[in-house]
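Some notes on the structure that comes next.
The values are calculated or read from the model by the stated rules, or taken from the named source; none is laboratory data. Just so it is clear, the model here is predicted, and its values are computed rather than measured. Here the Cβ positions follow ideal geometry from the backbone for every residue, glycine too, while neighbour counts run over all protein chains shown.
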Amino acid sequence: MSGSKPKIPSLIKQISERMKEPFNIITKLKDMEVFPYKPSTPQCFKPSLPSIVVLGEEYDGTSVISKLFGLSLPSNAVFPVILKFKDKFNLGSGEVLLEWQFKDTYFQKKVSQTNLEEEITKSLKKRVPYHQRSGVEVIVTLVDPKAHELIVTILPGIHKQEENEKKQMSLYEDYLRRYTKDNESLFLNVIGCSSDLRDCLSKKLLSTIDRYGRRTITVFTQLHLSSNYLISKVTSTMNEPTNPFGYFFIKDAEKTVARDEESAKRVSCLLSKTNESRIGFESLSKNLVLGLISILFSPSSQIVGKIMLDLKRSEADLARYQATFDSASDAIPRIVRSITNANISIRKLFVTQEYEEYPDEMDMHVGPEISDRFLKLTNTLLYLKHDTRRPFLTFELWLLNETNWPSLTNFLPLSLAIRLLDDLFSYAHKPIESFLEDLISYVECVVVRILLDHGKQHVRMHETLKKMARLLVNHVKERFKDKVEDLINLEKKAIFTSSDQYPARLYETHKVTLPIDKTFASIEGMGYHVKVDHLNIYPSYQVDSAFQLKQLMVVYWDFVVQRFVDYCALYFQSIMNEMMAEGVMKVMEDFLMKGITDESILPRPAPTVDINKQNLENRIDELTKIMKEIEKMQVKFDFLL
């Protein structure tokens, strides 16, 4: 009938109808970030349908999958074919993406779904010799939101060869290792009725990885070739413990059965002993979906594991929020214990740089973090010698004029050096202040985190621990700021040029020339694209003197910066050691003395505590409801457990 909708393939239809509830559960869990997805994280779990792996003899597996998904696939492939279903993909209506790779040859093409078999065969025929095609992996990407990231792997048809059975077993075991996920794959075993069940290779293979048959669905095809032995064997083992799904049957085409009256009798005999619900593609599709759900929500599945883990964590967090103290004196022992233990952790991070408590949290690896901040400070201060505040050399010219143009040697005159250093440190005030704020803020975050981690069992005392962390860090801040100020004053008043490297660096700098005949010039060590044409108004000897003074200061500033930053780092480490040795004890003593009489030592929890507590209660309720829904579904596949 023209204009009628195309028929939905049976398996896609069953997934669409029967997977609504499971998909809704997965969507809820994603929204709740039960398994936050970070592709860069190796241990990351992204929920999706279990994969389907198809084994079959020669033509059977491909034939069944073609009917289940409404696709045309090569009927005698000697290579794996992988179907990947996507919610969204850049494909036109009726298009699929065909890909394969063989050695250095990569093939990719958008093709019509109706011509898929022909396109696969044609693309390989031109590029890969037949005897090498077993090394090819064909991937077909299709767009169908109903299939929800389903992956179906169709393994090459098994050719029964007794003399090569060990070789074939080894080959297919390798396939199964490559294409199956641990306990997260469903196997479809397609057996032709011409097979001898006593030595069926696909059954042997699957028994090694799915011993109890809980993830294997067996379907028989070519019923007209069935023997009396097979009929007897199939009916007697239909409900064996190792075959919980039972067997399914695909009827032959009418014309196939009609050819042979004897075959028709055997088919009729076989089907008469089989429940109607086990015959045909609709029945097979229903049970495939049941198998997918059973794996998706089995007690040992990753999804259920993630839910139970989240529930356990949430309940533990809620217990922390619910814990209270009768009085401040009741809380003091726990607070003291938390601080004492935290002090050990702080020492590990800041002194011995042991990070086993936070192995994967790079922001808690304080050694590299603090070194990086000191390195940035060094680079920032070194850049200041370019001095972009005013036109090039104008300050040096003014300063020389103010001091009656003193003669310059290879060493800075003390009076000029003090003026220049005072000017540069004035320029450096904001960067140094910014560095101090950033460093202390980072230290405070780390110390607060450590204290809260050691007091995590009682949220009620978190505000107190935060306050104590700030008191500790404030001690570091004030002491460090004073030391930095002392260092700056020392560098501004005393000139140290005793380094062996100073003369050599100065010699190299004197090689640099000043091209004032240009508008802009790149001057090594002093900046790129520096405007210099304004210097033409000054006598050349004055410009030369100013440039020499600039060179002397540029070289000396490098030594000043390195020395200043090195001493800052040493003082910082010393003050941190002092904080751990004395500062912690002082804060604890003050706290204990106050806590004995002052209940305000345990302030009311922040408003966020009640909010977080309510959120946890809601989360636990929601996860519990989801688990009840899953348990209802588990009843449907109770026979597999």
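Brief remarks follow.
- Test for P391: is it in contact with a strand residue (DSSP E or B) (Cβ under 9 Å, 6 or more places away or on another chain) and either outside any helix (DSSP H, G or I) or outside the structural domain of V555 (by TED's automatic domain parsing) (or both): yes
- Residues being of a type outside the set (S, T, N, Q), modelled with pLDDT of 85 or more and surrounded by fewer than 20 Cβ atoms within 10 Å (Cβ to Cβ) - total across the range 330-347: 2
- Residues located in the range 378-418, provided they are touching a residue at least 40 places away in the same chain (Cβ under 8 Å) and at positive phi: D387, L393, W405
- In this entry, S51 passes the filter for residues that are at pLDDT 90 or above, hydroxyl-bearing (S, T, Y) and out of contact with any Gly (no Cβ under 9 Å at 6 or more places or on another chain).
- Positions within the range 57-105 being of a type in the set (S, T, Y) and touching a residue at least 12 places away in the same chain (Cβ under 8 Å), in sequence order: Y59, T62, S63, S72, S75, T105
- Selected residue [of a type in the set (D, E, K, R), at pLDDT below 90 and out of contact with any Lys or Arg (no Cβ under 8 Å at 6 or more places or on another chain)] from K103, K109: K103
- Every condition in (1) charged (D, E, K, R); (2) assigned to a loop (DSSP other than H, G, I, E, B); (3) modelled with pLDDT of 90 or more is met by K46 except one, and the failing one is (3).
- Residues in the range 510-522 include at least one that is in contact with an Asp or Glu (Cβ under 6 Å, 6 or more places away or on another chain) and either outside any strand (DSSP E or B) or in contact (Cβ under 8 Å) with a residue 12 or more places away in the chain (or both).
- Qualifying residue in the range 403-416 (condition: closer than 30 Å to E589 by Cβ, hydroxyl-bearing (S, T, Y) and in a helix (DSSP H, G or I)): no
- Looking at K531, K550, just one residue is within 15 Å of H386 (Cβ to Cβ), surrounded by 20 or more Cβ atoms within 10 Å (Cβ to Cβ) and modelled with pLDDT of 75 or more, and that residue is K550.
- Here E118, E99, E137, E95 are screened, and the one residue that is among the charged types (D, E, K, R), assigned by TED's automatic domain parsing to the domain that holds Y175 and over 35 Å from the mean Cα position of the chain (by Cα) is E118.
- If the condition is being polar (S, T, N, Q), part of a helix (DSSP H, G or I) and at pLDDT below 75, then the range 233-280 contributes T235, S236, T256, S263.
- Residues satisfying the stated conditions in the range 26-43, i.e. in contact with a Phe, Trp or Tyr (Cβ under 8 Å, 6 or more places away or on another chain) and at pLDDT 90 or above: L29
- Which listed residue, of E444, E463, is in a helix (DSSP H, G or I), in contact (Cβ under 8 Å) with a residue 12 or more places away in the chain, of a type in the set (D, E, K, R) and buried (at least 17 other Cβ atoms within 10 Å of the Cβ): E444
- Residue within the range 348-368 that is surrounded by fewer than 16 Cβ atoms within 10 Å (Cβ to Cβ) and under 30 Å from V555 (Cα atoms) present: yes
- Lone qualifier among Y528, Y538, Y507 - being touching a strand residue (DSSP E or B) at 6+ places or on another chain (Cβ under 7 Å) and among the aromatic types (F, W, Y): Y528
- Considering F496, F520, F480, the condition of being more than 16 Å from L414 (Cα to Cα) and modelled with pLDDT under 85 is satisfied by F520 alone.
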